[in-house]
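Peer 1: Mind looking over this structure? Questions follow.
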Amino acid sequence: MAALPLLRWGASSLHAHFSPTPPRRLFSALRQPPAAGRYEPGSRVMLKGMDYPELEKWVQSQGFRPGQAMMLWKCLYGNNVWAHCHNELAGLNKDLRKMISDHADLKALTIKDIITASDGTRKILFSLEDASVIETVVIPSARGRTTVCVSSQVGCAMNCQFCFTGRMGLRKHLSTAEIVEQAVFARKLFSDEFDTITNVVFMGMGEPLHNVDNVIKASSIMVDEQGLQFSPRKVTVSTSGLVPEIKRFLNESNCDLAVSLNATTDEVRDWIMPINRRYNLSMLLGTLREELRLRPKSIVLFEYVMLSGVNDSVDDAKRLTELVHGIPCKINLISFNPHSGSQFKPTPDENIIEFRNMLIQSGLTVMVRLSRGDDQMAACGQLGEPGDYQLPLLRVPEKFQVAL
């Protein structure tokens, strides 16, 4: 889901698989590609798939000094170079440049198209080596903040009923390099126009924590103090609620966590977010309450897509207040962005404000996310292209059929 600028105010049975993957192992870890940075003698490596210790080790294994590894790292991520080809490796000696040319690749993505929305939001379409296409969104703000929303998968296995990407099913995980390079391209393409890219959100195509190894590694590269230098507080990884991976992320990463909540009862969440049938609200929120108790300075951002007649009632506002009690958090209310085949309607703006005010009165910090890029399918929940194969919609609970 593409992230948007924030405005802040005070204190059933399953009738379809989630993806083409067999159900028994759908939410288990999929087979991962060989970890970037592991290399065989004579093989080519992808430089942006390595963290700095791996890069330093590789450079030394080729007979060069550790200091030359740092110079290469800064060519890739610092010094306003953001190198994508060997000719851009300025400052490296010719022997090192030749070795890199012979044994390494710098570029994991190819730009297919850049689309500009009426509000200035940019949607970048990238082609992968296998011809798959991913989408990345760059969102400028008049307040001096520019956010890049990166994808972590081609498609998504979660089958959230309100999300266009979810219609695709899961096609593949992105590698570390393919994730990192989205942020690198954003800086290279738009830093002059928008000043600097200040924020990264893992809210594009895919469920980030379903690709947890590569997402944790990519986010660590993004916040490296000698590299892209994003603040950990300005890199946010979103999840639909994969509980074991949430625990791992909170223990291994210093970046922020967002949880896509979107419902206040298991009945509704089972329907609109089938992952809830594996990790229900009690398990999800209990885990967050327990884990964040051990991290007194951490908070979680709860994302709540507002669906007319489904999750936007006065009772929903009251239940939401009770559900998040004791969890250090902020609430991010998101207007639903319609797309082809959608069965939902957005909550009217005046109802969103009323819902927000009820939460504020209960003492919560609440933000409303304004839609950006929606005229070019670049807004929250609009990314991707399902094609001929689409995951089937799930049965609507009887009491909500009138609302739809």
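The values are calculated or read from the model by the stated rules, or taken from the named source; none is laboratory data. Please read all numbers here as calculations on a predicted model, not as lab measurements. Cβ: placed from backbone, ideal geometry, glycine included. Neighbour counts: every protein chain shown. Surface areas here come from the heavy atoms of the whole protein model, side chains and all, with no ligands, DNA or RNA. Shrake-Rupley method; radii C 1.70, N 1.55, O 1.52, S 1.80 Å.
Peer 1: Does the stretch 352-372 hold any residues that are out of contact with any helix residue (DSSP H, G or I) (no Cβ under 9 Å at 6 or more places or on another chain) and of a type in the set (A, V, I, L, M, F, W, C), and which are they?
Peer 2: Those that are out of contact with any helix residue (DSSP H, G or I) (no Cβ under 9 Å at 6 or more places or on another chain) and of a type in the set (A, V, I, L, M, F, W, C): I352, I353, I360, L370.
Peer 1: Still on this model: Are any residues in the stretch 124-158 surrounded by fewer than 24 Cβ atoms within 10 Å (Cβ to Cβ) and within 20 Å of the chain's Cα centre (by Cα), and if so, which ones?
Peer 2: I124, L125, F126, S127, L128, S132, V133, P140, S141, R145, T146, V154
Peer 1: Do we find a residue being assigned to a helix (DSSP H, G or I) and either in contact with a Ser or Thr (Cβ under 6 Å, 6 or more places away or on another chain) or open to solvent by less than 10 Å² (accessible area, probe 1.4 Å) (or both) anywhere in the stretch 223-232?
Peer 2: Scanning the stretch 223-232, I find no residue that is assigned to a helix (DSSP H, G or I) and either in contact with a Ser or Thr (Cβ under 6 Å, 6 or more places away or on another chain) or open to solvent by less than 10 Å² (accessible area, probe 1.4 Å) (or both), so the answer is no.
Peer 1: Right, another one. Looking only at the stretch 256-277, count how many residues are under 21 Å from the mean Cα position of the chain (by Cα) and not small (G, A, S).
Peer 2: 11
Peer 1: With I327, I331, I353 as the choices, which residue is open to solvent by 50 Å² or more (accessible area, probe 1.4 Å) and at pLDDT 95 or above?
Peer 2: None of the others qualify; the one that does is I353.
Peer 1: State whether the residues of the stretch 349-362 include one that is under 15 Å from G241 (Cα atoms) and among the basic types (K, R).
Peer 2: No - not one qualifying residue is present in the stretch 349-362.
Peer 1: Something else about it: Give me the pairs, please: first residue somewhere in the stretch 343-368 and at positive phi, second residue anywhere and of a type outside the set (S, T, N, Q), beta-carbon distance under 7 Å, and either six or more positions apart or on two chains.
Peer 2: Sorted first by the residue in the stretch 343-368, then by its partner, the pairs are G363/A11.
Peer 1: Another question, then. Kindly list the number of the only condition in (1) surrounded by 15 or more Cβ atoms within 10 Å (Cβ to Cβ); (2) part of a helix (DSSP H, G or I) that fails for E322.
Peer 2: Here E322 clears every test but (1).
Peer 1: Keeping to the stretch 255-268, report how many residues are closer than 17 Å to F355 by Cβ and surrounded by fewer than 22 Cβ atoms within 10 Å (Cβ to Cβ).
Peer 2: Within the stretch 255-268, residues that are closer than 17 Å to F355 by Cβ and surrounded by fewer than 22 Cβ atoms within 10 Å (Cβ to Cβ) number 2.
Peer 1: In the stretch 182-197, what residues are buried (at least 17 other Cβ atoms within 10 Å of the Cβ) and either touching an Asp or Glu at 6+ places or on another chain (Cβ under 9 Å) or part of a loop (DSSP other than H, G, I, E, B) (or both)?
Peer 2: Residue satisfying the conditions is I197 alone.
Peer 1: While we're here: Restricting to the stretch 269-319, what's the tally of residues that are among the hydrophobic types (A, V, I, L, M, F, W, C) and either under 14 Å from F355 (Cβ atoms) or surrounded by fewer than 17 Cβ atoms within 10 Å (Cβ to Cβ) (or both)?
Peer 2: Residues that pass the stated criteria total 10.
Peer 1: Then there is this: So how many residues does the stretch 163-181 have that are open to solvent by 10 Å² or more (accessible area, probe 1.4 Å), part of a loop (DSSP other than H, G, I, E, B) and either at positive phi or in contact with a strand residue (DSSP E or B) (Cβ under 9 Å, 6 or more places away or on another chain) (or both)?
Peer 2: Count: 2.
Peer 1: With the condition being over 20 Å from T198 (Cα atoms) and among the β-branched types (V, I, T), I'd like the strands (runs of 3 or more DSSP E) fully within the stretch 45-158 carrying at least 2 qualifying residues.
Peer 2: Hits in the stretch 45-158: 110-116, 133-139.
Peer 1: Of all residues in the stretch 203-221, which are crowded, with 23+ Cβ neighbours inside 10 Å and not in a loop (DSSP other than H, G, I, E, B)?
Peer 2: Of everything in the stretch 203-221, those that are crowded, with 23+ Cβ neighbours inside 10 Å and not in a loop (DSSP other than H, G, I, E, B) turn out to be P208, L209, H210, N211, V212, N214, V215, K217, A218, S219, I221.
Peer 1: Exactly one condition in (1) farther than 27 Å from C149 by Cα; (2) modelled with pLDDT of 95 or more is false for T287; which is it?
Peer 2: (1)
Peer 1: Right, here's the next one. Restricting to the stretch 141-155, name every residue that is hydrophobic (A, V, I, L, M, F, W, C) and modelled with pLDDT of 95 or more.
Peer 2: V148, C149, V150, V154
Peer 1: Hey, another quick one. Here is a check on your reading of the model: is K247 surrounded by fewer than 21 Cβ atoms within 10 Å (Cβ to Cβ) and farther than 23 Å from T165 by Cα?
Peer 2: yes
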